[in-house]
Amino acid sequence: MKTPAFMRPEPPVIGGSAPAAPEPKPPLPLPLCFLLSHVEEEAIVRLDGERVGVCEVLGLELDEPKLGAFAGALNALAFPVQLLVRQHPPDLGPLRDALRESQPEALPPQTEAAAQSLQGLLGELETRDGVLDRRFYAACAEEHAEELQGLLVRAGLSIHPLRGRTLRRLLIASTLGGTPSDRDEVLPARIEVNRTDIRLGEGQARSLHLGRWPRSLAPGFLQGLMTAGVPMDLALHLGPIPAEQAARTLEWQKVRFESAQSLSLNKGKTLSSEAEIALEDVTRLRDEVQRGRERLFHASLSLTLHAQDDHLLTEMTQRAKGHFGATLGKLDTLAFRQREGLLSTLPLALNAVATWRTLDTSSLARLFPFSPPDLDTRSGTLAGIDLRACAPVVYDAFDGTHLNANTAVLARSGSGKSFATKLGVLRGLMRGVVAYVIDPEGEYASMARAAGGRVLSPGVSGQGLNPFIIERRDGEELLQRIGSLRRLIEVMVGEPLGAERRAALDHVLAAYYAEPREGAGFGNFYRFLQESDEDLAKLLRPFATGSLRHLLSDEGDDLLAREALVTVFDLRLLEPELRPAAAMVCTETVWAAAARDPRPRLLVVDEVWSIMQHPEGAAFMVSMAKRARKHRLGLQFITQDVQDLLSEDSSRAITGHSGRALLQNAAFKLLLQQDAAAISTVGDAFDLPQDLQRWLLSCQRGDGLLLARGNRFPIRIEATTEEHALIEWKPGSRH
């Protein structure tokens, strides 16, 4: 019989070079007992030839809609899957290196000392008990990887497929315990498998298996274990059972229980309570499976604990067993099967323990192994410690992954909002983020001087600002700036202009900027206005020849010419009724600087309510919040008048829903301690559950709730001694 063409060997190449052999993959620094061959670009290859694809899953806030979406993804599952949770002490070395590289040169001594102390705090967090780095993963056979990723995305989860070196680092870190790092490429000096533990170099690991499952699982069942501060790898293996097989099995079990019940009744006995409950469960589950509402799965849960010594490992084991014991579950110590337990918690989609429990979709959905979320992007700087996830909160508002770089800080008086803002400004300037602060009470001036910044007092001779200069002449920028200046002038006047005057003012501004002008400033504009509209000029006379003549300058915008790391506009010398106009002058001047030279800048507006009281000021702030990201400007606004800002009462000074619109254009919201009179308004505005509302009423100073990326992060803001001294520095002090 003739051999088919596809089975014939390739003829030798004559007169040419043979095709290049594929490059051998670098071997893993692990013994063969771990059943690993090598890692390719998109898959882990086991010794049995199975190729495993792995993706990282971002955590989510747990609620009923997300549980329902996850249950729907499970119902659509048609292949075995491993869901993996890894939590270990964080590796903040790359973050420290990045902060050191981005630190500006020639910082003042106090600021330099604060920067060094932040480096020390990050190093201390790596070894602090209970502070962990948590990551979620999903693994399956490579042929089903895309399908699994699609199911997770439809369940509302964000996924990132792992490839190449990232995949290799994850595998080695999972084996040895710890956070993926380049330093894990070196094999430990000793790997020793014992009866109830495994020694990995200087550390130890112990694998456990859930032998007896709780009869009922509450939503977030695993979160209590994850937030207990235990370094571990937890793996949940799932294998869907075909619907026909599940229905037959349940029907057989129902018949068996009913037969036992009939026999007991014939003998004059009653069925035991356990048997009655089992019969009810089987009957209910059979009906749900037959109707297509539920599916059955083979499920297995294993976890591997990591510690540095026997005492700590024993303590963590008791803590984990106590968590499951509280719900009538039982963790089994895998005596003489530690290797199998460790293999089951590696990202290999392999349940080496080979012990299963049958569970329905609803029960598995309640496990939901992708919560709680954390906000640790390892980019930017430290914002605080997540009190629930026990993880550092690290993010960069300017990295482009967020909707914008705006932050809203809402809190009652004395809750630490000024301290938190100063700390954020200080840590930003340590990595080169220029900051501008509109300070109505002079709270930031001392810190700015100590940090090598400058303090300007609008209204004082020689310190005027010029927001009337426009460098760019493109149509969009010119139109937006004219609108901003019109709103600024309305606030300066102190009363809303009628439709006729507003139209006249708009006409004058358009005519003034129709042609390029040298030395464009308020003085020139005022003279032009006197010639064009004398009535409008009279309204602005105090800013030209009166007591406020030093607020606006014709000298041009000097913010960029002598830009400091932090600039504070100290408004405390002005009368309270004049501060909104001065604040808008400062804000518009900073906006002009940002438009000329886009780079990461932070504009802090303290007591933003003073501006928002004016309808035109409210419109100005909302417009700036919407446009700030175009020039890499982050707007941070602070208020203690939370109820007024969130009010929807049109009879108040703020028109419409400007306060809520301002909040909607902030990617980050920091809620510190709230007043009891405003908590219901805050809870409704941010859709906070009752437990978080109660916590915001009683949390200690410096604790708060950070809202970002659709999740809630209860955080504690920590500052080093050097940072605290710089923030609270007073002239004449010896710090």
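Read the figures in this text as sums done on the coordinates, not as results from a lab. Computed from a predicted model, the values in this text were never measured in an experiment. With ideal geometry, Cβ positions are generated from the backbone for all residues, glycine too; neighbour counts draw on all protein chains shown.
Fewest first, what order do F543, F620 take by the number of other Cβ atoms within 10 Å? The partial results should precede the final answer.
Numbers: F543 22, F620 28.
Placing the least packed residue first, the sequence is F543, F620.
Taking only DSSP H segments of four or more residues, each worth -39500 (n - 2.57), what value at 222 nm results for the chain once the sum is divided by all its residues, to the nearest 500 deg cm²/dmol?
On the way: 26 runs with 284 residues, N = 735.
Calculated at 222 nm, the ellipticity per residue is -11500 deg cm²/dmol.
Principal axis lengths of region 344-450 from Cα atoms, whole Å, largest first?
Largest to smallest, the principal-axis extents are 66, 30, 24 Å.
How do V353, V153, V605, V455 rank when sorted from fewest to most other Cβ atoms within 10 Å of their own Cβ? Display every interim value, and only then the final one.
Details: V353 23, V153 13, V605 27, V455 20.
Result, fewest neighbours first: V153, V455, V353, V605.
By count of other Cβ within 10 Å, fewest leading, how are S658, S553 ordered? Mind showing how you got there, number by number?
Working: S658 18, S553 24.
Neighbour counts put them in this order, fewest first: S658, S553.
If I fit a long axis through the Cα atoms of helix 310-325 and take the longest principal axis of the Cα atoms of the chain, what angle between them do I get, 0 to 90°, rounded to 10?
Once rounded, one gets 90 degrees.
Go from 0 up to the bin containing the longest alpha carbon distance in region 501-630, width 10 Å each, and give me the % of pairs per bin.
Final binned percentages: 10, 36, 42, 12, 0.
Using only alpha carbon pairs under 8 Å that are at least six residues apart, calculate the relative contact order of the chain and give it in whole percent. List each step's numbers first, then the result.
Values: 1316 pairs, mean separation 113.9, N = 735.
Relative CO of the chain lands at 15 percent.
Please turn the phi angles of region 427-435 into ³J(HN,Hα) values with the Karplus equation 6.51 cos²θ - 1.76 cosθ + 1.60 (θ = phi - 60°), one per residue in order, whole Hz, x for glycine and proline.
Taking θ as phi minus 60°, the curve returns 5, x, 5, 5, 10, x, 8, 6, 10 Hz for region 427-435.
Taking every eigenvalue of the Cα gyration tensor of region 64-164, multiplying by 5 and rooting it, what semi-axes result, largest first, whole Å?
Square roots of five times the eigenvalues give 41, 15, 13 Å.
In degrees between 0 and 90, to the nearest 10, how far off the longest principal axis of the chain does helix 64-75 point, with axes built from Cα atoms?
The angle comes out at about 40 degrees.
Using amide H atoms built in the peptide plane, which far-off residues or other-chain residues are under 5 Å from G442 H to H?
L571, R572
Distances over 29 Å make up what percent of all Cα-Cα pairs in region 571-722?
Working: 2576 of 11476 pairs.
Here the long-distance tail beyond 29 Å is 22 percent of all Cα pairs in region 571-722.
Count neighbours as other Cβ atoms within 10 Å of each site's Cβ, and list the GluC sites (Glu not before Pro) in region 401-473 that are DSSP loop with at most 15 such neighbours.
Of the GluC sites (Glu not before Pro), the ones in loops of region 401-473 whose Cβ has at most 15 other Cβ atoms within 10 Å are E441, E471.
With θ set to phi - 60°, apply the Karplus curve 6.51 cos²θ - 1.76 cosθ + 1.60 along region 379-395 and write out the HN-Hα couplings as whole Hz, x wherever there is a Gly or Pro.
Once θ is set to phi - 60°, the couplings for region 379-395 become 9, x, 8, 6, 9, x, 10, 6, 6, 8, 7, 6, 9, x, 9, 10, 7 Hz.
Expected output is a single nm value to one decimal: the length gained when fully extending between R632 and S461, i.e. 0.36 nm times separation in residues minus the C-alpha distance. What is it?
Values: separation 171, 0.36 × 171 = 61.56 nm, distance 3.13 nm.
Fully extending the segment from R632 to S461 adds 58.4 nm.
Given (1) 32.3, 112; (2) 36.6, 122; (3) 29.5, 106, which label gives Rg and Dmax of the Cα atoms in Å as computed from the coordinates?
(1)
Quick one: which of 360-366, 58-64, 404-410 comes out on top by average Cβ neighbours within 10 Å, and what's the full order, highest first?
Numbers: 360-366: 20.6, 58-64: 15.6, 404-410: 24.3.
The packing order, highest mean first, is 404-410, 360-366, 58-64.
Please state the equivalent ellipsoid semi-axes for region 112-168: what are the square roots of 5 times the Cα gyration tensor eigenvalues, largest first, in whole Å?
Numbers: eigenvalues 274, 34, 27 Å².
Equivalent ellipsoid semi-axes, largest first: 37, 13, 12 Å.
Mind checking the angle between helix 109-127 and the chain's longest principal axis? C-alpha axes, 0 to 90 degrees, to the nearest 10.
20
Counting Lys and Arg as +1 and Asp and Glu as -1, what is the net charge of the other residues whose Cβ lies under 10 Å from the Cβ of R134?
On the way: positive: R86, R135; negative: D133, D374, D376, D386.
Cβ neighbours under 10 Å give a net charge of -2.
Over 25 Å between C-alpha atoms is what I'm after, so list which of K422/K669; K630/K669; K417/K626; K538/K630 land there. Intermediate values should be presented prior to the final figure.
Working: K422/K669 16 Å; K630/K669 20 Å; K417/K626 23 Å; K538/K630 36 Å.
K538/K630, as the Cα separations exceed 25 Å there.
Would you tally the net charge around R378, using a Cβ to Cβ cut-off of less than 10 Å, leaving R378 out, and scoring K and R as +1, D and E as -1?
Residues near R378 contribute -4 overall.
Rg and Dmax of region 274-409 over Cα atoms: what are they, in angstrom?
21.0, 61
How compact and how long is region 342-388, expressed as Rg and Dmax of its alpha-carbon atoms in Å?
Final numbers for Rg and Dmax: 16.7, 45 Å.
HN-Hα J couplings of region 296-304 from phi, Karplus 6.51/-1.76/1.60, θ = phi - 60°, integer Hz, Gly and Pro as x?
9, 9, 7, 10, 8, 10, 10, 9, 10
Please list, ordered by chain and number, the residues whose modelled amide H lies under 5 Å from the amide H of L602; skip anything fewer than 5 residues away on the same chain.
For L602, the qualifying residues are V434, A435, Y436, G634.
How long are the semi-axes of the equivalent ellipsoid of region 468-556, taking √(5λ) for every eigenvalue λ of the Cα gyration tensor, in whole Å from largest down? Don't jump to the answer; show the numbers that get you there.
Values: eigenvalues 72, 54, 28 Å².
Values for region 468-556, descending: 19, 16, 12 Å.
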